[in-house]
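A.B. asks: Take a look at this one; I'll ask things after.
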Amino acid sequence: MNHLADCIEAEAKQNNFSGIVLVNQQDKEIISSCYGYANKSDKRENNIHTRFGIASGCKLFTAVAVCQLVEQGLISFESRVLDYLKKVDFPLFNPEITIHQLLTHSSGIPDYFDETIMDDFEELWKTRPMYTLRQLNDFVSLFQNLPMMRTPGERFHYNNAGYIVLGLLVEELSGMSFCDYVELHIFKACGMKQSGYFTLDALPANCALGYIEEENGDWRTNIYSIPVKGGADGGAFVTAPDMQLFWKGLMNHTLLSPVLTSLLLTPHIHVDGEGYYGYGVWITLREGEVIKFHIMGYDPGVSFRSAFYPTSGETVVVMCNTNSGASQIFNKIDNRL
C-alpha cells in the first residue's frame, strides 16, 4: 500500500486536491490522508473528522429508508407510488409508476434538474431562490406540473426528482420528516454521530465549505449555488469515518435484513457506460460477479466517491470540497484494488 499512498500524494499535490482520503480493509485503516482547507479564509485545515457535503451520494440513504419501509410491510417495490402519496398532487404523472421504477431511475417522470441536458446547477436558482428550499415539499413545484418524459419502466434515465418523490413517500408512511428519519434510523443506527442534513446558513462545527473556482483563479463558496438544506436526492454532510460506518452497517445487516440487503444490492438495471444500478447504488460486474458497489456525488463545490469491494472487504471514501478532485483520486485507488 506504500506505492498507492505515494500515488495519492502525488495526485493530490498535482491537482491541488482539497479533501479526505480514507481506505480501510475490514476494520484496519490502510490509508488516511487530509489535504487543503475546510475554510480558506481562516486557513482551517481539513481533518479526518471534517464533515463534507456528499451531494447525490445520499441517494443510497434514501433507498435504504424505502427498503426499511418495505421490510416493515408498509409498502412493496411494485406498489404504485401515487396510491400512497395523499398530501401532494402530481396531475400529469402516470398512475402506474412503481417504487421499483423510482429507485432504479426508470419511472419516466420529469426531473427538476436533468443532468443530461443541463450542466449548471446554479441556473435553477435564478427564478427560485435556493434559500427557500428547506424541506422536500419546497422542491415539488419545480417538477410537479411537468409532463412525463417517457413510459414508466422503459429505460434508465438518472432522475433527481424521483428520489424527492421517494423521500415524500418516506415522510408519508413514517410520519417523520425525511431528514429526521434518516438521521434516526440510518445514521444513529450505524453510529454515524457526526453526520446530518445541515442547513448552509447554520452549519455546525467542523464542516467544510464548498468552493467554486472561477476562470481567473479566484474562488467563492457554494452557499448560493445549492439548496440551503439537502434532502432525499442529496446534500447531507458526512465524515469519512462515518461513511465507513455506513458501509459496515449495510453489509453487516444492521440496517436491513439479509434478504432486503440483497435486493438493494441487486444489479436491477443496465446503464450504458456505467455498468449497473441497484437501489441507490452503482454496481460494477466482471464476468458476472460483483467487484464493486459504489456511490458518487457532484454539486458546485462538492465532489465525492465511495465504494465497497465485497471480495476484499475494502472500503474507499474520497471527499472533496471543490467541484472536482474526488474522481481522480478515487480512480487511482480503484485501479489498484
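A.B. asks: Answer yes or no as to whether Val182 is open to solvent by less than 30 Å² (accessible area, probe 1.4 Å), under 16 Å from the mean Cα position of the chain (by Cα) and under 30 Å from Arg80 (Cα atoms).
C.D. replies: Yes, satisfied.
A.B. asks: So, in segment 111-147, of the ones that are hydrophobic (A, V, I, L, M, F, W, C) and assigned to a helix (DSSP H, G or I), which residue ends up modelled with the highest pLDDT?
C.D. replies: So the residue we want is Val140.
A.B. asks: Under 7 Å between Cβ atoms, at least 6 apart or on separate chains: pull out the pairs that start in segment 52-70 with a residue that is in contact (Cβ under 8 Å) with a residue 60 or more places away in the chain and open to solvent by 10 Å² or more (accessible area, probe 1.4 Å) and end on any residue that is aliphatic (A, V, I, L, M) and not in a helix (DSSP H, G or I).
C.D. replies: These pairs meet every condition: Gly53/Val302; Ser56/Met296; Gln68/Leu256.
A.B. asks: Additional query: Being open to solvent by 10 Å² or more (accessible area, probe 1.4 Å) and touching a residue at least 12 places away in the same chain (Cβ under 8 Å) is the filter; apply it to segment 243-254 and report the residue that is farthest from Gly313 (Cα to Cα).
C.D. replies: Result: Thr254.
A.B. asks: Further, regarding this structure: If I go through segment 75-85 residue by residue, how many of them are surrounded by 15 or more Cβ atoms within 10 Å (Cβ to Cβ) and assigned to a helix (DSSP H, G or I)?
C.D. replies: Residues flagged as surrounded by 15 or more Cβ atoms within 10 Å (Cβ to Cβ) and assigned to a helix (DSSP H, G or I) within segment 75-85 amount to 2.
A.B. asks: It is to be established whether one or more residues within segment 269-279 are touching a residue at least 24 places away in the same chain (Cβ under 8 Å), open to solvent by 20 Å² or more (accessible area, probe 1.4 Å) and not acidic (Asp, Glu).
C.D. replies: yes
A.B. asks: Residues of segment 299-337 being assigned to a strand (DSSP E or B), at pLDDT 95 or above and not β-branched (Val, Ile, Thr), which ones?
C.D. replies: Correct list: Ser303, Phe304, Arg305, Ser306, Ala307, Phe308, Tyr309, Glu314, Met319, Cys320.
A.B. asks: Could you list all residues from segment 236-267 that are closer than 14 Å to Phe61 by Cβ and either modelled with pLDDT under 95 or in contact with an Asp or Glu (Cβ under 7 Å, 6 or more places away or on another chain) (or both)?
C.D. replies: Leu256
A.B. asks: A follow-up question, please. Out of Pro204, Pro258, which single residue is over 21 Å from Cys320 (Cβ atoms) and either open to solvent by 10 Å² or more (accessible area, probe 1.4 Å) or touching a residue at least 60 places away in the same chain (Cβ under 8 Å) (or both)?
C.D. replies: Exactly one of Pro204, Pro258 is over 21 Å from Cys320 (Cβ atoms) and either open to solvent by 10 Å² or more (accessible area, probe 1.4 Å) or touching a residue at least 60 places away in the same chain (Cβ under 8 Å) (or both), namely Pro258.
A.B. asks: Moving on. Can you pull out the residues in segment 16-25 that are of a type in the set (S, T, N, Q), surrounded by 14 or more Cβ atoms within 10 Å (Cβ to Cβ) and assigned to a loop (DSSP other than H, G, I, E, B)?
C.D. replies: Of everything in segment 16-25, just one residue is of a type in the set (S, T, N, Q), surrounded by 14 or more Cβ atoms within 10 Å (Cβ to Cβ) and assigned to a loop (DSSP other than H, G, I, E, B), namely Ser18.
A.B. asks: Follow-up question, since we're still on this one. Just to be sure, is Asn216 open to solvent by 10 Å² or more (accessible area, probe 1.4 Å) and under 24 Å from Val318 (Cβ atoms)?
C.D. replies: So Asn216 fails the test.
A.B. asks: Please work out which residue is nearest to Ile223 (Cα to Cα), limiting yourself to segment 283-309 and to residues that are open to solvent by 20 Å² or more (accessible area, probe 1.4 Å) and without any contact (Cβ under 8 Å) to a residue 24 or more places away in the chain.
C.D. replies: Applying the filter and picking the extreme gives Thr284.
A.B. asks: Could you list, ordered by first residue, the pairs with Cβ atoms under 7 Å in which the first is in segment 97-112 and among the charged types (D, E, K, R) and the second is assigned to a loop (DSSP other than H, G, I, E, B), at least 6 apart or interchain?
C.D. replies: Asp111/Phe143; Asp111/Asn159
A.B. asks: Can you work out which of the residues in segment 26-40 that are open to solvent by 60 Å² or more (accessible area, probe 1.4 Å) and at pLDDT 95 or above is farthest from Thr315 (Cα to Cα)?
C.D. replies: So the residue we want is Lys40.
Matching residues to (1) in contact with a Cys (Cβ under 8 Å, 6 or more places away or on another chain); (2) assigned to a loop (DSSP other than H, G, I, E, B); (3) not small (Gly, Ala, Ser):
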{"residue": "Phe52", "(1), (2), (3)": "yes, no, yes"}
{"residue": "Thr62", "(1), (2), (3)": "no, no, yes"}
{"residue": "Cys67", "(1), (2), (3)": "no, no, yes"}
{"residue": "Val70", "(1), (2), (3)": "no, no, yes"}
{"residue": "Gly73", "(1), (2), (3)": "no, yes, no"}
{"residue": "Lys87", "(1), (2), (3)": "no, yes, yes"}
{"residue": "Pro95", "(1), (2), (3)": "no, yes, yes"}
{"residue": "His100", "(1), (2), (3)": "no, no, yes"}
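A.B. asks: Just to be sure I understand, how many residues within segment 34-82 are over 18 Å from Thr239 (Cβ atoms), under 23 Å from the mean Cα position of the chain (by Cα) and of a type in the set (Lys, Arg)?
C.D. replies: 1
A.B. asks: For segment 310-324: of the residues being under 13 Å from Phe52 (Cβ atoms) and either open to solvent by 10 Å² or more (accessible area, probe 1.4 Å) or hydrophobic (A, V, I, L, M, F, W, C) (or both), which is farthest from the chain's Cα centre (by Cα)?
C.D. replies: Here the answer is Thr322.
A.B. asks: Still on this structure, I have one more. Please find, among Gly167, Gly210, the residue that is touching a Pro at 6+ places or on another chain (Cβ under 9 Å), of a type outside the set (Ser, Thr, Tyr) and open to solvent by less than 10 Å² (accessible area, probe 1.4 Å).
C.D. replies: Just a single option satisfies the conditions, and that option is Gly210.
The values are calculated or read from the model by the stated rules, or taken from the named source; none is laboratory data. Nothing here was measured: the structure is a model prediction, and the numbers come from that model. Neighbour counts run over all protein chains shown; Cβ positions are idealised from the backbone, glycine included. Ligands, DNA and RNA are stripped out before the accessible areas are found, and what is left, the full protein with its side chains, is counted by its heavy atoms. Shrake-Rupley method; radii C 1.70, N 1.55, O 1.52, S 1.80 Å.
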